[in-house]
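The values are calculated or read from the model by the stated rules, or taken from the named source; none is laboratory data. Keep in mind it's a predicted model, so treat the numbers as computed, not measured. Cβ atoms come from the backbone with ideal geometry, glycine included; neighbour counts cover every protein chain shown. In case anyone asks, the SASA skips ligands and DNA or RNA and just uses the protein heavy atoms, side chains included. Shrake-Rupley method; radii C 1.70, N 1.55, O 1.52, S 1.80 Å.
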Amino acid sequence: MNYNKTILGLVIVAVVFSCATNPFTKKKTLAFVSNDQLFPSAFAQYNQVLTENKVVKGTSDAQMITRVGQRIAVAAERYLNANGFQGYLDDYKWEYTLIESEQVNAWCMPGGKIAFYTGILPIAANETGVAAIMGHEVAHALANHGQQRMSAAYIQQGLAVAGNVALSNDEQALGIFNQSYGVVSNVAGMLPFSRSHETEADKIGLYLMAIAGYNPDEAAELWKRMKANSGGQAPPEFLSTHPSNDSRIQNLQALAPKAKAEAKKFGITDFRPIN
């Protein structure tokens with residue numbers, strides 16, 4: 001029992017002293033792995049992906065990905081500087097790559113390494129749609145969501161160990177715990193945690209695209225196209241890492257006026273044509 005209390009105590013200490021500040025919400029977040037450790041690993045993984053895939057260069061689409069990415073990065077820096085986070089992006093190494101693939105996907109590694117797959121471009125439909133995707137993916141990196149998920153996974157693993165130690169003398173209870181812990185901790189903990197990150201990235205991304213001069217109304221339209229592309233094939237929201245398409249559409253529609261108001265603070269009152 002004393003050993004179990006020690007493990008629990010170490011988990012609590014780790015949570016208390018391994019925190020960072022989300023520059024958008026100002027809330028403390030889990031940070032068991034520092035950016036000094038995370039960024040080099042992310043950069044190496046990114047380079048590995050590029051060597052294993054066909055990178056599209058010199059085309060109008062490739063140029064658009066870079067153009068939109070640079071505008072979103074500038075918007076992020078403007079926002080962060082205006083909100084007291086000067087220097088926050090000093091260690092970010094922005095890079096924007098278009099990869100030839102049918103995958104409907106895009107992502108941003110911790111530290112600013114971005115990849116778009118050609119398969120998502122028909123759903124993006126236009127440069128403003130690309131900006132909505134880009135803003136969302138960049139938001140994940142800026143809010144350190146990857147860092148938080150890694151930290152949460154460490155806690156999940158630590159609690160599993162603590163549970164096994166606590167129940168080591170009760171074989172029946174230990175069996176029940178091991179059968180149920182993974183499912184319960186995912187459904188009640190990890191999946192809601194992931195969905196909250198997606199919702200947060202939607203909001204941050206909407207603000208960034210607006211500050212970059214792209215109409216935030218298009219984000220909801222993008223997700224209508226995403227929904228149509230999925231053909232209704234999606235798990236129930238409570239079993240998914242992402243909010244449902246309908247939830248996202250409604251949330252983005254409600255947030256668009258706020259994003260426009262935020263952009264106005266930076267002198268952005270007109271948006272680029274959607275084409």
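Each other residue within a Cβ distance under 11 Å of Pro40 adds +1 if Lys or Arg and -1 if Asp or Glu, for a net charge of -1. The local environment of Lys224, defined by Cβ-Cβ distances under 13 Å, has a net charge of -1 under the rule Lys, Arg +1 and Asp, Glu -1. Does a label point 7 Å from the Cα of Val74, set along Cα-to-beta-carbon, have any residues of region 44-67 with amide nitrogen under 18 Å, and which are they? Zone members listed by number: 63-67.
For the set Trp223, Trp94, the ranking by accessible area, highest first and with no ligand, DNA or RNA atoms included, is Trp94, Trp223 under a 1.4 Å probe.
The shape of region 32-88 comes out oblate: with a ≥ b ≥ c from the C-alpha gyration tensor, a/c is at least 1.5 while a/b does not beat b/c. When Asp36, Asp61, Asp202 are compared by accessible surface with a 1.4 Å probe, the order from highest to lowest is Asp36, Asp61, Asp202.
Of Glu200, Glu100, Glu52, Glu218, the residue with the largest accessible area leads and the full order is Glu52, Glu100, Glu200, Glu218 (1.4 Å probe). Measuring against 24 Å, Cα to Cα, the residue pairs Lys93/Lys265; Lys113/Lys203; Lys27/Lys203; Lys57/Lys203 contain Lys93/Lys265; Lys57/Lys203 as the ones spanning a longer distance.
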